[in-house]
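Right, one structure below, let's go through it.
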Amino acid sequence: MPTLERNEKEKIDLKSLTLPELQEVLTGMGEKAFRAKQLYQWMHEKLAGTYEEMSNLPVSLREKLRENFWYCSLEIVQVQESKLDGTRKYLFALRDGNVVESVWMKYKHGNSVCISSQVGCRMGCRFCASTLDGLERNLTPSEMLEQIYAITKHTGERVSNVVVMGTGEPLDNYDNLLRFLHLLTDENGLNVSQRNVTVSTCGLVPQMKRLAEEGLQITLALSLHASNDEKRRKLMPIANRYSIQELMEAVEYYFQKTGRRITFEYSLVGNVNDSDEDAAELSKLAGRTCCHVNLIPVNPIKERDYVQSEAKRVLAFKNKLERNKINVTIRREMGRDIDGACGQLRRKHLGEMHQNESEA
Ligand code: SAH
């Protein structure tokens, strides 16, 4: 039914509206303004899966909503649980049949969810599985939120930390990301503290500066992965567009505007960026700004021949940074046994689907 499908897609995405926008829409439909807050709380605080659950809304209003809006919800396709640390990896189906993955991690200080911001990615980082097939489309704010809502309902536990570090480049989907951040941290919704939200970027300089000016208290993480332009260009095509010097200016600006300490992510790739000279060069860069360095032993993907640095090399690299008074941690590898790296589960799923199709 092509017409129906087209109409479905044109419907307003209810879960991506802010409370003031919802008020405007509902009063425009002849409803009382207080209904907007009730509806908002059903969606973003009580995490209602359907209109039927919204028991204090008149049936006639629920009917109107059903007819005129799109109520975003994700379907769980697969959940993998790590036997090592309880980390869970979720694969969700979107309404157009695309799939995205999210990760739920349990820490002493609370539960953390890592969400995807796009279906696929067009940044082309050499070691990353999410980007191998390019960008399919941006996620809507509601689809980003819903990853957290669906996991909250499935685990029955509150999510206190959110990291936008799954598939996609969040700053390449800037407007939707910003709306998502406002809805996520809104006091009438899940009310996640801005300080517990991290957005990770491969380094889109103009958007980093714009983010600095939004008046948010979120953490900005920069995927650096190399301490000079030449090496960085070999690992990340985006380094051809922005130099490390420009990145440093952007993070310094972010710190100046927000007072938030920057995180530098550095994936250690064996014999590529893990030497003592690399550590010394990285120390110089990191020493320029108020930051924290997060070392991530690269998670090898089968499409590329990058290997992890040896454990003693990782430690030596860390020690060198510490001697240079840089604040550094090695990221605990969560969910090693469940396709841990970004985009691996989705790729595996798509691969299996294609195989089934060709077998059929
Ligand atoms: N596009 C954003 C966020 C998604 S990637 C960014 O680039 O920051 C999240 C982090 O995981 C980034 O630091 C990314 O470089 C890193 N990453 C991706 N694939 C990886 C792999 N196979 N091993 C280790 N880190 C990886």
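The values are calculated or read from the model by the stated rules, or taken from the named source; none is laboratory data. Worth saying up front: this structure is predicted, and the values here are computed from it rather than measured. Reconstructed Cβ throughout: ideal geometry from the backbone, glycine too, with neighbour counts over all protein chains shown.
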Since Leu184 meets every condition but one in (1) within 15 Å of the ligand (Cβ to nearest atom); (2) more than 19 Å from Tyr107 (Cα to Cα), which condition does it not meet?
(1)
Can you report the number of residues in segment 147-172 which are charged (D, E, K, R) and in contact with a helix residue (DSSP H, G or I) (Cβ under 7 Å, 6 or more places away or on another chain)?
1
Working only within segment 187-222, note down all residues that are among the polar types (S, T, N, Q) and within 16 Å of the ligand (Cβ to nearest atom).
Thr198, Ser200, Thr201, Gln207, Thr219
State which residue pairs qualify: first residue within 15 Å of Tyr149 (Cα to Cα) and inside segment 98-113, second residue of a type in the set (D, E, K, R) and outside any strand (DSSP E or B) in any location, beta carbons under 8 Å apart, and separation of 6 or more residues or different chains.
Val100/Glu143; Val100/Arg346; Glu101/Arg346; Met105/Asp85; Asn111/Glu157; Asn111/Arg158
State whether one or more residues within segment 52-68 are touching a residue at least 24 places away in the same chain (Cβ under 8 Å), in contact with a helix residue (DSSP H, G or I) (Cβ under 7 Å, 6 or more places away or on another chain) and basic (Lys, Arg).
no
Would you check if Lys231 is assigned by TED's automatic domain parsing to the domain that holds Met165, surrounded by 17 or more Cβ atoms within 10 Å (Cβ to Cβ) and over 25 Å from Thr167 (Cβ atoms)?
no
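Residues are listed down the side, and each one gets a yes or a no for (1) within 16 Å of the ligand (Cβ to nearest atom); (2) modelled with pLDDT under 95; (3) among the hydrophobic types (A, V, I, L, M, F, W, C):
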{"residue": "Asp85", "(1), (2), (3)": "no, yes, no"}
{"residue": "Tyr90", "(1), (2), (3)": "no, no, no"}
{"residue": "Glu101", "(1), (2), (3)": "yes, no, no"}
{"residue": "His109", "(1), (2), (3)": "no, yes, no"}
{"residue": "Val119", "(1), (2), (3)": "yes, no, yes"}
{"residue": "Gly124", "(1), (2), (3)": "yes, no, no"}
Scan segment 208-259 for residues that are touching a Lys or Arg at 6+ places or on another chain (Cβ under 8 Å) and of a type in the set (D, E, K, R) and jot them down.
Glu213, Lys234, Glu252
Name every residue in segment 100-119 that is over 21 Å from Leu268 (Cβ atoms), crowded, with 20+ Cβ neighbours inside 10 Å and either over 12 Å from the mean Cα position of the chain (by Cα) or of a type in the set (A, V, I, L, M, F, W, C) (or both), in order of residue number.
Val100, Trp104, Val113, Ile115, Val119
Can you run down the residue pairs with Cβ atoms below 6 Å, 6 or more apart or on separate chains, where the first is in segment 158-172 and in contact (Cβ under 8 Å) with a residue 60 or more places away in the chain and near the ligand (Cβ under 8 Å from one of its atoms) and the partner is of a type in the set (A, V, I, L, M, F, W, C) and assigned to a strand (DSSP E or B)?
Met165/Cys114; Gly166/Cys114
Considering only segment 248-282, state which residues are closer than 22 Å to Val164 by Cα and in a strand (DSSP E or B).
Ile262, Thr263, Phe264, Glu265, Tyr266, Ser267, Leu268
Those residues of segment 23-41 which are surrounded by 19 or more Cβ atoms within 10 Å (Cβ to Cβ) and within 25 Å of the chain's Cα centre (by Cα) amount to Tyr40
Ser130 meets each of (1) touching a Lys or Arg at 6+ places or on another chain (Cβ under 7 Å); (2) farther than 25 Å from Leu39 by Cβ; (3) among the small types (Gly, Ala, Ser) with one exception, condition (1)
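Please enumerate the residues belonging to segment 301-315 that are crowded, with 16+ Cβ neighbours inside 10 Å and not in a strand (DSSP E or B).
If the condition is that a residue be crowded, with 16+ Cβ neighbours inside 10 Å and not in a strand (DSSP E or B), then Ile301, Tyr306, Ser309, Arg313, Val314 are the ones that fit.
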Based on what the data block shows, is Met54 at negative phi and either surrounded by 16 or more Cβ atoms within 10 Å (Cβ to Cβ) or within 23 Å of the chain's Cα centre (by Cα) (or both)?
yes
Condition first: of a type outside the set (Asp, Glu), over 26 Å from the mean Cα position of the chain (by Cα) and over 27 Å from Ala129 (Cα atoms). Can you find one or more residues in segment 267-280 that meet it?
yes
So how many residues does segment 216-234 have that are in contact (Cβ under 8 Å) with a residue 40 or more places away in the chain, in contact with a Ser or Thr (Cβ under 8 Å, 6 or more places away or on another chain) and within 24 Å of Ile296 (Cβ to Cβ)?
7
Close pairs from segment 186-215: first assigned by TED's automatic domain parsing to the domain that holds Leu47 and more than 21 Å from Cys128 (Cα to Cα), partner at pLDDT 95 or above and among the β-branched types (Val, Ile, Thr), Cβ under 8 Å, at least 6 apart
none
